[in-house]
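Undergrad: There's a structure below that I have some questions on.
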Amino acid sequence: MKLAVVFRGIGYHVDKPLLYHSRRVAAAHGYEIKNVPYGNFPSGVKGNQEKMNACFFSALEQCEELLKDVDFSRYEEILFLSKSIGTAIASAYARKHALTTRNVYFTPVKESFRFMDQPGIVFHGTEDGWADTEMVRIECEKRDLTLFVIEHANHSLETDDWKQDIETLYGIMHRIDLYLSESAE
């Protein structure tokens with residue numbers, strides 16, 4: 001049995017493209033899907049460390065309640081799909097509960113790297129206003145995480161060119177498909 005747990009971002013819910021399609025890819029690989037619907041975040045978080053910390057601790061606390069009935073020991077493989085602040089929340093949750101997880105980290109914020117100690121793949125856009133590309137490269141290298149950088153893409157891994165965005169989204173899902181295929185071998 002395999003479980004994929006989905007950790008959303010502050011404004012990026014599970015039905016937005018990256019999380020919606022990655023859930024579909026995971027389901028095609030036989031993963032049971034569990035969304036973690038934490039929320040009630042304040043506005044004006046970007047650039048405000050106090051609000052960012054409050055969001056993180058609030059979401060982590062909500063995760064404890066939302067996932068309390070999940071028996072992770074039942075699963076042979078656990079995959080965390082996470083976006084933005086969700087990368088920090090997923091990583092901190094895994095650490096706190098001593099879970100071994102595989103990960104797809106979409107656009108981690110700077111604070112995420114304090115907790116990202118599980119294997120995975122990372123997707124980052126060079127125009128991401130929440131995390132500097134060079135810092136992401138350095139932190140991924142330190143942790144031996146495979147990093148995919150999307151040129152000119154923002155925090156949603158999108159640009160001003162919708163055609164390019166659709167091709168990029170396909171490429172991202174293809175890389176996730178390959179990553180999940182590696183675990184099946």
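The values are calculated or read from the model by the stated rules, or taken from the named source; none is laboratory data. In this text the structure is predicted, and so the values were computed from the model without any measurement. Backbone-built Cβ (ideal geometry, glycine too); neighbour counts: all protein chains shown. Just the protein is used for accessible areas: all its heavy atoms, side chains included, with ligands, DNA and RNA removed. Shrake-Rupley method; radii C 1.70, N 1.55, O 1.52, S 1.80 Å.
Undergrad: Which log10 I(q)/I(0) values, to two decimals, does the stretch 108-154 give at q = 0.21, 0.31 Å⁻¹ under the Debye formula with one point per Cα?
TA: -0.62, -1.29
Undergrad: Once R0 is set to 35 Å, what does the formula 1/(1 + (r/R0)^6) return for the Cβ-Cβ distance between Glu151 and Asp69, expressed as a FRET efficiency to the nearest 0.05?
TA: The computed FRET efficiency comes out at 0.25.
Undergrad: What list of whole percents do you get for P(r) of the stretch 52-159, with Cα-Cα distances grouped in 5 Å bins up to the one holding the largest distance?
TA: The calculated distribution, bin by bin, is 2, 12, 24, 24, 18, 12, 6, 2, 0.
Undergrad: Okay, next question. Report the FRET efficiency, 1/(1 + (r/R0)^6), for Met173 and Glu32, where r is their Cβ-Cβ distance and R0 is 22 Å, rounded to 0.05. Write down the numbers at each step before the final one.
TA: Values: r = 19 Å, r/R0 = 0.87.
The pair Met173/Glu32 has a calculated efficiency of 0.70.
Undergrad: Also: Express the relative contact order of the chain as a whole percentage, based on alpha carbon pairs under 8 Å and six or more residues apart in sequence. Don't jump to the answer; show the numbers that get you there.
TA: Details: 314 pairs, mean separation 36.9, N = 185.
Relative contact order of the chain: 20 percent.
Undergrad: Another question, then. Using a 1.4 angstrom probe with every protein chain in place, what is the largest-first accessible-area order of Glu111, Glu151?
TA: Working: Glu111 40, Glu151 105 Å².
Heavy-atom accessible area, descending, gives Glu151, Glu111.
Undergrad: For the ranges 170-178, 85-93, what's the packing order if you count other beta-carbon atoms within 10 Å of each residue, average per peptide, and put the highest first?
TA: Numbers: 170-178: 15.3, 85-93: 26.8.
The packing order, highest mean first, is 85-93, 170-178.
Undergrad: If I stretch the segment between Asp161 and Asp15 completely, what's the gain in nm (0.36 nm per residue apart, minus their alpha carbon distance), one decimal?
TA: Details: separation 146, 0.36 × 146 = 52.56 nm, distance 2.10 nm.
The Asp161-Asp15 span can extend by a further 50.5 nm.
Undergrad: For Glu182 and Lys46, what is the calculated FRET efficiency with R₀ set at 25 Å and r taken between the beta-carbons, to the nearest 0.05?
TA: Working: r = 34 Å, r/R0 = 1.38.
The value I calculate is 0.15.
Undergrad: Please report, to two decimal places, log10 I(q)/I(0) for the stretch 1-103 at q = 0.18, 0.21 Å⁻¹ as given by the Debye formula with identical point scatterers on the Cα atoms and no solvent.
TA: Values, matching the q order: -0.82, -1.09.
Undergrad: Starting from the Cα of Lys96, draw a straight line to each of the aspartates and glutamates and keep only those under 20 Å, dropping any in the same chain fewer than 8 residues away.
TA: Candidates past the 8-residue exclusion: Glu61, Glu64, Glu65, Asp69, Asp71, Glu76, Glu77, Glu111, Asp117.
Undergrad: Provide the per-residue ³J(HN,Hα) series for the stretch 145-155, in order, calculated from phi with Karplus coefficients 6.51, -1.76, 1.60 and θ = phi - 60°, each as a whole number of Hz, with x at glycine and proline positions.
TA: My calculation for the stretch 145-155 gives 9, 6, 10, 10, 9, 9, 5, 6, 8, 8, 5 Hz in order.
Undergrad: Report the dimensions of the chain along its three principal axes from the alpha-carbon atoms, largest first, rounded to Å.
TA: 43, 40, 32
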